[in-house]
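Heads up: the structure comes next, in structure tokens.
Just so it is clear, none of the values below were taken in a lab; they were calculated from the coordinates. Remember, predicted model here, so these are calculated numbers, not experimental data. Cβ: placed from backbone, ideal geometry, glycine included. Neighbour counts: every protein chain shown.
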Amino acid sequence: MIAGLPPRRRQLRRKAGYTLIEVLIVLAIIALLVALVGPRLFALYDGAKAKTTNTQIANLKTALDTMQIDIGRYPTEQEGLTLLVQSPGQGVTNWSGPYLSSAELPKDGWGNPFVYVPAPEGGQPQVESLGADGKPGGTGTAADIIK
């Protein structure tokens, strides 16, 4: 009990809010938590983008294989992945697509288009993601994903 103060002031004193020091201590604790946990969350987020991109590449390759069974070949460099979702019209027989569930080609986990590398003679084509930076090469999250 606070001695020497009238009863009304004592009551107001007990109902007083937080001091500036208390608020600053709480803010400092929150800032420390964000500084410690934040980078780990961003690493998980980037890892999820890479996993999503790997899954999308696997789906594109499956669709390419299905289309190859139908038309007897993989797309040319000019046709690219677009042949999976758009009918080529005259000249390509047995195309029974679209071979993807959506009408548009998916983008990688970072919002960049996939790169199609045509199959060498008798080989498999490659589908690539250029990573977070959207440029060839790189390390870490900017590394290319090639399947």
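When shorter helices are ignored and each DSSP H run of at least 4 residues is given -39500 (n - 2.57), the per-residue value for the chain at 222 nm works out to -14500 deg cm²/dmol.
Compared with the direct C-alpha span, the chain from residue 73 to residue 26 gains 10.5 nm at full extension, assuming 0.36 nm per residue. Taken over the Cα atoms of segment 7-146, the convex hull encloses 161 Å³ per residue.
If Lys and Arg each add +1 and Asp and Glu each add -1, what is the summed charge of the other residues whose beta carbon sits under 15 Å from the beta carbon of residue 138?
Values: positive: 49, 135; negative: 46, 108, 128, 133, 144.
Within the 15 Å Cβ shell, the charges total -3.
Using the Cβ-Cβ distance between residue 36 and residue 58 with R0 set to 35 Å, the FRET efficiency from 1/(1 + (r/R0)^6) comes to roughly 0.50. Over all orientations, segment 12-76 has a Cα convex hull whose mean projected area works out to 8.5 square nanometres.
Dipole of segment 6-124 computed with +1 at Lys/Arg Cβ and -1 at Asp/Glu Cβ about the Cα centre; of 110, 78, 32, farthest Cα towards the positive end is 32.
Considering all different alpha carbon pairs of segment 93-137, the Kirkwood hydrodynamic radius works out to 12.6 Å.
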